[in-house]
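For reference, the structure is listed below as structure tokens.
Here, each number is a calculation from the coordinates, and none is a lab measurement. Because the structure is a prediction, the values reported are computed rather than measured. Here the Cβ positions follow ideal geometry from the backbone for every residue, glycine too, while neighbour counts run over all protein chains shown.
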Amino acid sequence: MYNSISVPESSKTPFTDYARWRLLVNDNGRHTWHYLKTDEEAQEWPQNTIDRFWLGLPTGLPKLKPAKDAFEAAQNGYAFYKNLQAHDGHWPGEYGGPMFLLPGLVIGSYVSGMGFKDEERREMIRYLMNRAHPEDGGWGMYVLDLHSACALRLRLIPSHVEGHSTVFGTALNYTALRVLGVSADHPVCVKARGTLHKLGGACAIPSWGKFWLSILNVYDWAGNNPVPPELFLLPTQLPFHPHRWWIHTRNVYIPMSYLYGVRFSAPENELILSLREELYTQNFYSIDWPAQRNNVSEADLYAPHSTLFDTLNVALSCYELCSLPPLRQAAIRKVYELIVMEDENTGYQTLGPVSKMFNLIARVHHEGRESEAFKLHAEKRADFMWLGAEGMMMCGTNGSQLWDLAFISQAVVETGLAEVEDNRAELVKALEWLEKGQMLENPKHFEKAFRHRTKGAWGFSTKEQGYTVSDCTGEGLKSVIYLQNLKTVPKLISDERLCWSVDTLLSLQNPNGGFASYELVRGPYWLEWLNPAEVFGDIMTEFCYPECTTSVITALSIFRKHIPDYRSKDIETTIRRAIGYLHKAQKPEGGWVGSWGICFTYATMFATESLALVGENYSNSLYSKRACEFLISKQREDGGWGESYKSCEKATWIEHKDSQVVQTCWAAMALMYAGYPYPEPLEKAVRLVMGRQRTDGSWAQEAIEGVFNKNCAIAYPNFKFSFPIWMLGKAHWYLQKLREKSSNGKAPH
Ligand code: LAN
């Protein structure tokens with residue numbers, strides 16, 4: 001269906017004209033890339049700074065007057081970052097890192113008969129070429145080094161690649177390249193195929209890979225463990241009913257069970273026949289498929305199956321041989337209904353990039369390519385596709401709009417930058433975005449679709465995507481209160497609406513006092529023994545996270561100062577119980593393990609802020625003091641902090657080879673929230689971050705900042721602006737106060 005495409009051997013320079021790409025920002029936070037074909041179009045819609053920055057082209061932004069102190073450095077940082085704010089008030093950004101998403105986009109589109117524009121295909125190919133491992137040519141689970149492997153190969157930048165190639169990454173991305181039209185003889189394919197074969201070939205791909213390859217008809221359905229849709233017909237009271245699973249796992253397995261139930265397979269064609277030969281080390285037609293169900297390469301294995309899960313699969317495989325057609329049909333109808341409800345609840349964005357493509361295939365299977373569903377899915381597919389300097393990728397979500405906006409808004413207010421005349425217009429725009437971005441109703445399909453309430457909430461990306469996230473609601477609420485407290489900003493969101501968001505936050509507390517990500521913890525911990533995914537940890541149920549809990553504590557603490565009468569008893573009890581959870585979650589060494597950012601510096605910053613808001617600080621709380629001492633023990637000679645993504649995998653501090661600007665800011669902010677009384681560590685941190693600031697006020701991209709499911713890294717490139725601005729501005733006033741106190745001869749506390 002996609003014709004073959006000839007691309008250069010080197011991916012160093014773009015395969016399309018980068019001067020013709022534009023980021024369209026519309027509908028309150030949607031951002032999509034468009035290629036202008038003619039000179040007239042290009043003239044009518046000129047490229048702006050945002051386009052140029054994210055494409056990696058020179059921005060032409062001026063050199064700024066060198067900063068004399070931390071506040072001026074923060075001001076310079078914001079003077080730069082302001083230019084990246086879109087007209088609707090949010091800061092668009094790239095959200096890449098995972099290397100298993102683009103193949104889903106490509107395979108899912110291919111089997112659904114949904115094409116790509118030629119320029120999109122070329123840039124996706126280039127992205128995959130740039131992300132191939134510089135030595136073996138394969139791909140891993142995620143990208144750690146945000147500089148392209150190509151730049152590394154050419155030694156344009158000194159660094160090294162930490163990730164290793166896996167069967168999951170290599171087989172899927174190889175397949176994606178071939179589907180996109182690259183010939184099997186192209187050097188990038190030859191090299192990757194060699195690595196895939198060395199790793200044992202596609203038979204040893206983890207279960208999600210087996211699934212994608214089965215959909216494409218290059219792996220046999222008999223080589224998959226069963227994914228019976230009947231699970232969704234079981235009584236909801238059962239402790240393992242899917243509505244109790246973590247929402248991402250549930251929303252991936254709903255369409256998966258549909259596609260498994262109907263054994264969806266693309267019709268054979270030349271490419272498929274050829275891939276059957278390329279992906280394996282043995283003859284495709286002689287493979288013993290049932291024997292491959294639990295065959296997962298060592299290079300991929302992170303969460304091995306439990307014996308319970310393996311036993312269950314034996315039983316389910318027997319059931320597959322004698323499943324009752326009417327029951328199967330009823331189950332397929334049930335999961336299809338859930339798929340449709342999810343599409344409609346989210347404006348066809350769906351919860352995330354994996355369910356997006358599975359839902360699309362299911363809808364096309366059921367309703368065809370002429371359907372409205374196909375059209376709407378096609379339109380929103382663009383929201384996940386991002387063109388970066390290295391080519392076109394599939395993002396972890398349809399953006400991180402709320403998240404990025406919330407941090408920079410709070411930073412600007414807390415540092416006093418909001419008082420600077422020149423900075424006001426941006427803040428009004430940010431508030432306008434928050435106003436339009438708040439969810440004002442519960443989902444259209446609510447309990448029936450197993451959804452949690454959304455009224456008053458903010459999600460991670462846009463209102464359209466429509467999912468409450470506990471900490472996003474917390475950060476959204478804080479930002480609104482901060483901004484609306486400024487005299488120069490109009491009040492756009494009523495107190496009533498703020499109260500709705502508090503209602504949502506209060507509805508999310510778990511019996512142990514902690515907060516999870518999207519919903520309450522609905523299932524027992526032992527469900528993790530049924531984790532089928534092999535490559536991710538802690539995915540079966542919601543868990544309580546220090547980061548989510550702390551965002552809620554800080555939001556509620558700030559809210560009650562603003563509106564003291566609203567549900568004051570409930571808020572008090574909720575905060576007290578949440579602090580109890582936080583105390584328990586502290587590691588004996590003094591830090592908190594981050595699950596969404598890397599790693600201890602991230603979670604500890606949120607934790608000391610929460611403690612401070614309930615009056616616990618370095619001088620009166622052992623928790624706060626231990627946190628400071630822990631961080632101080634990790635500060636390096638150069639004044640910075642640097643921890644590897646492996647800290648998240650192993651839940652213990654593991655040094656990164658270099659100190660990191662973003663982590664240094666998190667650690668320094670943690671110390672300041674705790675009221676750390678000694679200036680030297682902070683002064684050293686400030687020097688490091690100022691020293692790495694560029695003349696236009698920006699900072700360079702360093703190591704990847706985020707993580708999920710223990711084992712996958714994900715990029716938050718806007719953090720390198722918001723946190724340095726925040727930390728430097730805060731440190732300026734903080735250090736000034738410390739100096740005043742010591743010159744008055746007073747002890748710091
Ligand atoms: C995210 C990104 C944001 C993140 C925070 C708000 C930072 C966090 O505090 C709560 C959890 C949340 C919302 C989160 C959950 C898992 C996501 C959606 C992601 C890490 C981005 C991508 C990831 C998603 C699961 C990727 C698709 C992969 C699957 C395994 C389905």
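The table for this structure:
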{"read-out": "Qualifying GluC sites (Glu not before Pro) in region 310-409, DSSP loop, other Cβ atoms within 10 Å at most 12", "value": "E370"}
{"read-out": "Inter-part distance where region 24-95 and region 345-374 are each reduced to a Cα centre, Å", "value": "32 Å"}
{"read-out": "Cα gyration tensor shape of region 647-717, rounded if a/c is under 1.5, else prolate or oblate by comparing a/b with b/c", "value": "oblate"}
{"read-out": "Over the chain: helical MRE at 222 nm, DSSP H runs n ≥ 4 each giving -39500 (n - 2.57), nearest 500", "value": "-14500 deg cm²/dmol"}
{"read-out": "The chain, relative contact order [Cα under 8 Å, separation at least 6], %", "value": "16 percent"}
{"read-out": "Residue-span extension gain [S619 to H87] - 0.36 nm each, minus C-alpha spacing", "value": "187.0 nm"}
{"read-out": "Selection from L57, L279, I553 lying farthest towards where the dipole of the chain points positive, charges on Cβ", "value": "I553"}
{"read-out": "Added length on full extension, which subtracts the Cα-Cα distance from 0.36 nm per residue, K737 to Y319", "value": "143.4 nm"}
{"read-out": "Assigned charges on the beta-carbon of Lys, Arg, Asp, Glu; the chain dipole about Cα centre (debye)", "value": "1180 debye"}
{"read-out": "Lys/Arg +1, Asp/Glu -1 at C-beta; the chain dipole; positive extreme among T468, A533, S214", "value": "T468"}
{"read-out": "FRET E, pair D118, N512, Förster distance 51 Å, beta-carbon r, rounded to 0.05", "value": "0.45"}
{"read-out": "Neighbour-limited loop hits for GluC sites (Glu not before Pro), region 256-290 (at most 15 other Cβ within 10 Å; DSSP other than H, G, I, E, B)", "value": "E268"}
{"read-out": "Relative contact order of region 17-108, defined on C-alpha pairs under 8 angstrom at six or more residues apart (%)", "value": "25 percent"}
{"read-out": "Burial ordering of C322, C189, C665, fewest other beta-carbon atoms within 10 Å first", "value": "C322, C189, C665"}
{"read-out": "Dipole moment magnitude, nearest 20 debye, region 538-661 about Cα centre, only Lys, Arg, Asp, Glu C-beta charged", "value": "380 debye"}
{"read-out": "Listed residue (N224, L238, M690) projecting farthest to the positive dipole end of the chain, Cβ model", "value": "M690"}
{"read-out": "Segment R497-S306, length gained on full extension (0.36 nm per residue, minus Cα span)", "value": "64.2 nm"}
{"read-out": "In nm, spacing of pseudo-spin labels at H164 and A330 (7 Å Cα→C-beta vector)", "value": "4.9 nm"}
{"read-out": "Size of charge dipole - region 1-95 - debye, nearest 20, with Cβ of Lys, Arg +1 and Asp, Glu -1, no other charges", "value": "340 debye"}
{"read-out": "Inter-label distance for Y525 and T281, nm, one decimal - labels placed 7 Å from Cα along Cα-to-Cβ", "value": "3.9 nm"}
{"read-out": "Separation of alpha-carbon centers, region 183-240 and region 522-559, rounded to whole Å", "value": "27 Å"}
